[in-house]
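Heads up: the structure comes next, in structure tokens.
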Amino acid sequence: MRRGIGSYQISKAEESRAKILQALASEEWIRYRDIVARTGLGTTTVSKFLRLMEESGEVEKKIDLESGEYPYPVLYRVTD
């Protein structure tokens, strides 16, 4: 029975990662909140996957200090 649970979790993880990549493909830089809105995923899931993807070099993160907004928007994009 545990084998089925593991397969399900892997499938959901791959689905979440694909949704995030699809959202990131639409623009050069995209705000974190827009990624959450476009994917329909929870903030915890998006944060976890973005962190993992940043650590693996798939995505790049920057803080938009020039926007004049506070809190500063966090932006992401797919790396080359």
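The values are calculated or read from the model by the stated rules, or taken from the named source; none is laboratory data. Bear in mind the structure is a predicted one, so any value in this text is a computation, not a measurement. Cβ sites come from the backbone with ideal geometry, for glycine too, and all protein chains shown count toward neighbours. Each accessible area value is taken on the protein alone, full model and side chains, heavy atoms only, with ligands, DNA and RNA left out. Shrake-Rupley method; radii C 1.70, N 1.55, O 1.52, S 1.80 Å.
Could you grab me the full set of residues in the stretch 1-51 that are β-branched (V, I, T) and exposed (fewer than 10 other Cβ atoms within 10 Å of the Cβ)? First the steps, then the outcome.
First, pick out the residues of the stretch 1-51 that are β-branched (V, I, T): 5, 10, 20, 30, 35-36, 39, 43-46.
Across the stretch 1-51, the qualifying residues are I5, T44.
Using beta carbons and a limit of 7 Å, which pairs, at least six apart or on different chains, have the first residue in the stretch 37-48 and part of a loop (DSSP other than H, G, I, E, B) and the second one of a type in the set (K, R)?
Going by the 7 Å Cβ cut-off, the qualifying pairs are L41/K19.
Taking the stretch 52-65 as the search range and keeping residues that are closer than 16 Å to I30 by Cβ and outside any strand (DSSP E or B), which one is least open to solvent (accessible area, probe 1.4 Å)? Even if it seems obvious, please write down each step before you answer.
Within the stretch 52-65, the subset closer than 16 Å to I30 by Cβ is 53-54, 58-64.
Next, from what is left, pick out any that are outside any strand (DSSP E or B): 53-54, 58, 64.
On the way: M53: 4, E54: 76, E58: 55, D64: 40 Å².
Taking the candidates together, the pick is M53.
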